[in-house]
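A short write-up of the structure that comes next.
The values are calculated or read from the model by the stated rules, or taken from the named source; none is laboratory data. All values reported here derive from a predicted model rather than from experimental measurement. Because the Cβ atoms are built from the backbone with ideal geometry, glycine has one as well, and the counts that use them run over all protein chains shown. Side chains are part of the model used for accessible areas, which takes the heavy atoms of the whole protein and leaves out ligands, DNA and RNA. Shrake-Rupley method; radii C 1.70, N 1.55, O 1.52, S 1.80 Å.
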Amino acid sequence: MGKSCTSSIEQLTTLCSKGLIKQAFDTFKSELLSDPSIFSHLLKACIPTKSLSLSKQLHSLLITSGCSSDKFASNHLLNLYSKIGDLQSASALFRHLPRRNIMSGNILINGFVQIGDLESAQKVFDEMPERNMATWNAMVTGLVQFEFNEEGLELFKGMHELGFSMDVFTLGSVLRGCAGLRVVNAGCQVHGYAVKCGLEFNLVVGSSLAHMYMRSGRLVEGEKVIKSMPIRNVVSWNTLIAGKAQNGQSEGVLDQYNMMKIAGFRPDKITFVSVLSSCSELATLGQGQQIHAEVIKAGVSSVVAVISTLITMYSRCGCLEDALKAFWECEGADVVLWSSVISAYGFHGRGEEAIKLFEQMEQEGFEANDVTFLSLLYACSHCGMKEKGLELFDLMVQKYGLIPKLEHYTCVVDLLGRSGCLEEAEAMIRSMPVKADAIIWITLLSACKIHKNADMARRIGQDVLRQNPEDSALYVLLSNIHASAKRWEAVSEVRTAMRDRKVKKEPGISWLEIKNKVYQFRMGDNSHPQYMAIDLYLKELRSEMKLHGYVPDTGSVLHDMDNEEKEYDLAHHSEKLAIAFGLMNTPEGVPLRVMKNLRVCIDCHVAIKYISQIKNREIIVRDASRFHHFKNGKCSCGDYW
Ligand code: ZN
Ligand code: ZN
């Protein structure tokens, strides 16, 4: 051919960059025989083609050319096999490499990690006579990436003890491992190393540090790390926003989101997922809609994770129709989206439709996973569909071979309990292979309350209280069960225990959004500027309700008081304050959407039914467990919650 070597390489590079690997290969076939550096170029260029046949051709040419003893060329070939995922060929090549070095081992470890075969990666790692930082990083990262966090941290300890230095990748991986395990002590140590290496302000390390703290519930420390970073990027903003969202600081999420935009960063799909979930938490429909518009503008409205949070946001804000719209408008829905929309139906008490959708999903060839079944079981338990629920639980285990988690058992216990099969529910908890937590017992106790089985409640309650002496909801629930069975002695027992252990009742808080502004109400909190007016309004409303037949249910009040006091207390439950405020400040006919952190009490439930009729208003209340759509004196839950 007679070309000079440099111009050959230029021509080769041009061909490769155009993706004409085959042509490059044919053109330089003869030159390859004498120059291993050409091999390296060609092997590298071959990676994006993912072509096994081309790789094999290059491999055999490498052997015939006699260049196979060149360690650069052979490592490039090893890398090619690893990157295209043919680890069998890669291992075979590795075993026969005449001049194997650390690089060769690292390549193979990365290859095994990439396909998730950590056992083989570990084997290569163990057999390597010499390792460098990249070797350790590859193995630590691989373990953490597949959630073998403990093993990852253990390995990191070994690396540290042997005196290897660390880089950004090591620290990033180890911190991810600490976050996964929520081990803040180990994380603090890593923080110390980062400071020593002068890497604490690095973009990757800083964000990983903050993530580690916030994942472990240490929001303040996490925020401090981010705020101390001289330069931030979208990842650091997202870490901060997600940290706040995961720690239940939903208001803070929206503040940070606005600050991020002011600082000139463009939110991405990860930002939107956090911000939309906070809108779901707060049920701030107006803000949610605004973010939806920004999602569309940012061009991420077809990202599955974003659509999924949009569905949840609309559903949680009481707009089932908009949730459904987001689902049906999406092309290429996957099992996550199907599950989200099934869950939305369940949340709104439309169990039949949830099941119909599941059947359609199966017909269209999607395979339900454990999240889908959780949504279905939830829907059944909230609609009192016992038989269907049990049938689905059976289907999940028998046909789909899925292993139920504690959440699934909790749904089934709820299902059995609500329909009065208390013994069966208890037997399920006692025989299930996973460890029971307070929530599942409280679920059974709630069922005892509905079915007025104070004996069972007492027997179980004592046990559960012993295990969860700090759970205020548990005391309130038990005390209410005994009160409605008129067992005053038992009521005072529970209350004494609560007082002795200095457990405070979680205060009920309700809130509603009017014109993008959120108003919060607590019982007995008269600091609200319109409190006098609200109080007066409620007084008039109460007389009107009584004329229509409303009788206050003072049985659900916990305190020692006379009846008049009890009635006053009931009349000022946070949801009643919020509804009164809403009625006073919105035009007629506009539906009210009120959120409450605890379950709605029986009296408020009865009262809101009257209010919806007297004021001819649709009132939607989301409490700690579900949605109540009040309309014309009725509630969508059918008094079943
Ligand atoms: Zn109430
Ligand atoms: Zn209801």
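What does the accessible area of Lys356 come to, in Å² to the nearest 10, when a probe of 1.4 Å is used?
130
Trypsin sites (Lys or Arg not before Pro), restricted to the range 465-535: which are DSSP loop and have at most 14 other Cβ atoms within 10 Å? Walk me through the numbers before you get to the answer.
Numbers: sites: Arg466, Lys486, Arg487, Arg495, Arg499, Arg501, Lys502, Lys504, Lys505, Lys515, Lys517, Arg522; in loops: Lys486, Arg487, Arg501, Lys502, Lys504, Lys505, Lys515.
Sparse-neighbourhood loop trypsin sites (Lys or Arg not before Pro): Lys486, Arg501, Lys502, Lys504, Lys505, Lys515.
Quick one: what do you get for the range 230-373 if you divide its Cα Rg by 2.2 N^0.38 Å? Could the numbers behind the result be given before it?
Numbers: Rg = 15.8 Å, N = 144, 2.2 N^0.38 = 14.5 Å.
Computed over Cα atoms of the range 230-373, the ratio equals 1.09.
Give me log10 I(q)/I(0) at q = 0.15 Å⁻¹ for the range 84-231, Debye formula, one equal scatterer per alpha-carbon, no solvent.
-0.75
When the label point is put 7 Å from the Cα of Cys197 along its Cα-to-beta-carbon vector, which residues of the range 205-236 have a backbone N closer than 19 Å?
205-213, 225-226, 229-231, 236
Rolling a 1.4 angstrom probe over the protein chains, ignoring ligands and nucleic acids, what is the accessible area of Phe156 in square angstrom, nearest 10?
Here the residue's solvent-accessible area equals roughly 10 Å².
Of all the accessible heavy-atom surface of the chain, with the other protein chains kept in place and a 1.4 Å probe, what percent is carbon and sulfur? Intermediate values should be presented prior to the final figure.
Working: 16250 of 30730 Å².
C and S fraction of accessible area: 53 percent.
Figure the gain on full extension for Gln290 and Ser625 (residue separation times 0.36 nm, minus the Cα-Cα span) and round it to one decimal in nm. All intermediate terms of the calculation are to be shown ahead of the outcome.
On the way: separation 335, 0.36 × 335 = 120.60 nm, distance 2.63 nm.
Length difference between fully extended and current span is 118.0 nm.
Just check the range 1-130 against the gyration tensor rule for me: Cα atoms, a ≥ b ≥ c as the square roots of the eigenvalues, rounded for a/c under 1.5, and otherwise prolate or oblate depending on whether a/b exceeds b/c. Intermediate results must be reported in sequence, preceding the final value.
Working: a/c = 2.51, a/b = 1.79, b/c = 1.40.
Prolate, since a/c reaches 1.5 and a/b exceeds b/c.
Given that compact globular proteins tend to follow 2.2 N^0.38 Å, what is the ratio of the alpha-carbon Rg of the range 169-257 to that value?
Values: Rg = 11.9 Å, N = 89, 2.2 N^0.38 = 12.1 Å.
Ratio of Cα Rg to 2.2 N^0.38 Å: 0.98.
Mind giving me the FRET efficiency for Ile231 and Glu331? R0 is 30 Å, r the Cβ-Cβ distance, nearest 0.05 is fine.
Working: r = 39 Å, r/R0 = 1.28.
Computed FRET efficiency for Ile231 and Glu331: 0.20.
Take the alpha carbon atoms of the range 332-475, find their radius of gyration, then divide it by 2.2 N^0.38 Å using N residues; give the quotient.
Working: Rg = 15.9 Å, N = 144, 2.2 N^0.38 = 14.5 Å.
The reported ratio for this selection is 1.10.
Excluding residues fewer than 8 places away in the same chain, name every one of the lysines whose C-alpha is closer than 23 Å to that of Lys71.
Within reach: Lys29, Lys44, Lys50, Lys56, Lys83, Lys123.
Between Lys515 and Asn597, how many nm apart are label points set 7 Å from Cα along the C-beta direction?
It is 2.8 nm.
Can you give me the accessible area per residue for the chain, using a 1.4 Å probe, in Å²?
Details: 30730 Å² over 641 residues.
That works out to 48 Å² for each residue.
Label the range 264-344 by shape, choosing from rounded, prolate and oblate, from the square roots a ≥ b ≥ c of the eigenvalues of the Cα gyration tensor; if a/c is under 1.5 it is rounded, and otherwise prolate applies when a/b is larger than b/c, oblate when it is not.
oblate
If you wrap the chain's Cα atoms in a convex hull and average its projection over all directions, what's the area in nm²? Write out the running numbers ahead of the final one.
Numbers: hull surface 142.3 nm².
Averaging across all directions leaves 35.6 nm² for the Cα convex hull.
Rank Ala134, Leu324, Leu219 by how far each Cα sits towards the positive end of the charge dipole of the chain (+1 on Lys, Arg Cβ; -1 on Asp, Glu Cβ) and give me just the farthest.
Looking along the dipole axis, the top candidate is Ala134.
Ordering Asp569, Asp322 by accessible area with a probe of 1.4 Å, largest first, what comes out? Don't jump to the answer; show the numbers that get you there.
On the way: Asp569 35, Asp322 60 Å².
Of Asp569, Asp322, the descending order of accessible area is Asp322, Asp569.
Quote the FRET efficiency, to the nearest 0.05, computed for Glu387 versus Arg466 with a Förster distance R0 of 25 Å and r equal to the Cβ-Cβ distance. Walk me through the numbers on the way to the answer.
Details: r = 35 Å, r/R0 = 1.41.
Once the sixth-power term is evaluated, E becomes 0.10.
What three numbers, in Å, describe the spread of the alpha carbons of the range 347-426 along their principal axes, ordered from the longest?
Largest to smallest, the principal-axis extents are 38, 26, 17 Å.
Determine which lysines satisfy two conditions relative to Lys224: a Cα distance under 30 Å, and not lying fewer than 8 residues away in the same chain.
Once the sequence-local lysines are set aside, what remains near Lys224 is Lys157, Lys196, Lys244, Lys261, Lys269, Lys517.
Label points 7 Å out from Cα along the Cβ direction at Gln613 and Val590: separation in nm?
My value for the distance between the label points is 2.7 nm.
Report the local net charge at Asn616: Lys and Arg +1, Asp and Glu -1, summed over other residues whose C-beta lies under 10 Å from its C-beta.
Working: positive: Lys615, Arg617, Lys631; negative: Glu588, Glu618.
Around Asn616, the surrounding residues sum to +1.
In whole Å, what are the extents of the range 525-635 along the principal axes defined by its C-alpha atoms, from largest to smallest?
Largest to smallest, the principal-axis extents are 38, 30, 29 Å.
So if I take the centroid of the Cα atoms in the range 110-180 and the same for the range 262-284, what is the distance between those two points in Å?
33
Could you sort Glu119, Glu423, Glu575 by their accessible area in this structure, using a 1.4 Å probe and putting the largest first? Could the numbers behind the result be given before it?
Numbers: Glu119 155, Glu423 130, Glu575 0 Å².
Largest accessible area first, the residues go Glu119, Glu423, Glu575.
Okay, helix-only estimate at 222 nm for the chain: each DSSP H run of n ≥ 4 adds -39500 (n - 2.57), divide by all residues, round to 500 deg cm²/dmol; what do you get?
Working: 34 runs with 427 residues, N = 641.
Estimated from H runs of four or more residues: -21000 deg cm²/dmol.
Specify which residue in the list Ser612, Leu536, Val124 is farthest towards the positive end of the charge dipole of the chain, using unit charges on the beta carbon of Lys, Arg (+1) and Asp, Glu (-1), about the Cα centre.
Value: Val124.
With every protein chain kept in the model, how would you rank Tyr257, Tyr378 by accessible area, 1.4 Å probe, largest at the top?
Working: Tyr257 5, Tyr378 50 Å².
The most accessible residue leads, giving Tyr378, Tyr257.
I'd like the accessible area for Ile21, computed on protein heavy atoms only with a 1.4 Å probe and all protein chains in place. Round to 10 Å², please.
The accessible area comes out at roughly 10 Å².
Just how large is the dipole of the chain about the Cα centre, in debye to the nearest 20, putting +1 at every Lys and Arg Cβ and -1 at every Asp and Glu Cβ?
On the way: 70 positive and 72 negative charges, 199 e Å.
That gives the chain a dipole magnitude of about 960 debye.
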